[in-house]
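Asker: Before I ask anything, let me first share the structure, which is written out below as structure tokens.
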Amino acid sequence: DGGITQSPKYLFRKEGQNVTLSCEQNLNHDAMYWYRQDPGQGLRLIYYSQIVNDFQKGDIAEGYSVSREKKESFPLTVTSAQKNPTAFYLCASSPGISTEAFFGQGTRLTVV
Amino acid sequence: QKEVEQDPGPLSVPEGAIVSLNCTYSNSAFQYFMWYRQYSRKGPELLMYTYSSGNKEDGRFTAQVDKSSKYISLFIRDSQPSDSATYLCAMTHLANQAGTALIFGKGTTLSVSS
């Protein structure tokens with residue numbers, strides 16, 4: 001089955017800790033994205049990558065970091081510098097930039 | 001003014017009704033328009049994808065784009081309880097040949113009662 005796999009589905013983090021959210025796709029898509037979704041806020045872009053070993057900041061990149069060492073993988077690290085990390089995180093991929101994107105099922109991160 | 005505006009609702013309709021969902025936008029460069037459906041605690045699912053102005057139909061769903069008014073719509077005919085979800089509009093454009101990621105509206109929550 002082709003698709004986008006995010007793991008874990010639920011993640012709990014203590015304040016001051018870094019955590020990494022996994023995103024893997026087997027669609028052979030060049031572009032990958034991370035969005036954050038808060039109630040009433042819609043989807044806000046954190047980072048995106050058009051190609052391996054290249055990525056750009058989105059609208060709310062502060063406190064987050066990413067890497068794109070393989071075409072299939074685009075992990076997101078939520079660092080301790082992110083002041084309000086509790087949210088629903090969505091990873092997506094597309095054949096290229098400015099085309100339709102396909103989403104994973106999300107990771108719900110809660111800071112405890 | 002936000003780039004993409006979408007009425008969050010909630011919108012409640014009886015089964016069988018025609019539903020109209022809308023978004024307005026400010027950036028005239030947007031060329032690609034999408035509608036996503038998101039069930040609670042799930043990732044968004046692509047429903048419709050259109051390029052530039054015009055209509056596109058897929059089963060009970062019709063997407064309309066009016067670039068002159070910077071206005072897009074999604075119509076759902078014969079609505080079903082399974083259509084109860086949040087509907088997100090999204091759009092993007094080609095900029096300096098590099099393109100941009102999708103810009104989303106905040107989503108409209110729809111409830112269809114049987």
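Asker: Taking the condition over 14 Å from the mean Cα position of the chain (by Cα) and in a strand (DSSP E or B), does A:Thr5 pass?
Answerer: It is false that A:Thr5 is over 14 Å from the mean Cα position of the chain (by Cα) and in a strand (DSSP E or B).
Asker: Could you please let me know if B:Pro44 is within 11 Å of chain A (Cβ to nearest Cβ), farther than 25 Å from A:Ile97 by Cα and surrounded by 13 or more Cβ atoms within 10 Å (Cβ to Cβ)?
Answerer: Details: within 11 Å of chain A (Cβ to nearest Cβ): yes; farther than 25 Å from A:Ile97 by Cα: no; surrounded by 13 or more Cβ atoms within 10 Å (Cβ to Cβ): yes.
No.
Asker: Still on this structure, I have one more. In region B:1-41, which residues are within 13 Å of chain A (Cβ to nearest Cβ), without any contact (Cβ under 8 Å) to a residue 60 or more places away in the chain and part of a loop (DSSP other than H, G, I, E, B)?
Answerer: Residues satisfying the conditions are B:Lys2, B:Tyr39, B:Ser40, B:Arg41.
Asker: Consider region A:25-56. How many of its residues are exposed (fewer than 15 other Cβ atoms within 10 Å of the Cβ), modelled with pLDDT of 95 or more and part of a strand (DSSP E or B)?
Answerer: 0
Asker: Sticking with this structure for a sec: Of the numbered conditions (1) outside any loop (DSSP other than H, G, I, E, B); (2) touching a Ser or Thr at 6+ places or on another chain (Cβ under 8 Å), B:Leu94 satisfies every one except a single condition; which is it?
Answerer: (1) is the only condition that B:Leu94 fails.
Asker: Follow-up question, since we're still on this one. Of the conditions (1) closer than 25 Å to A:Phe55 by Cβ; (2) assigned to a strand (DSSP E or B), B:Met48 satisfies every one except a single condition; which number is it?
Answerer: (1)
The values are calculated or read from the model by the stated rules, or taken from the named source; none is laboratory data. Since the structure is predicted, the reported quantities are computational estimates derived from the model, not experimental observations. A quick note on method: Cβ atoms are made from the backbone with ideal geometry, for glycine too, and the neighbour counts reach across all protein chains shown.
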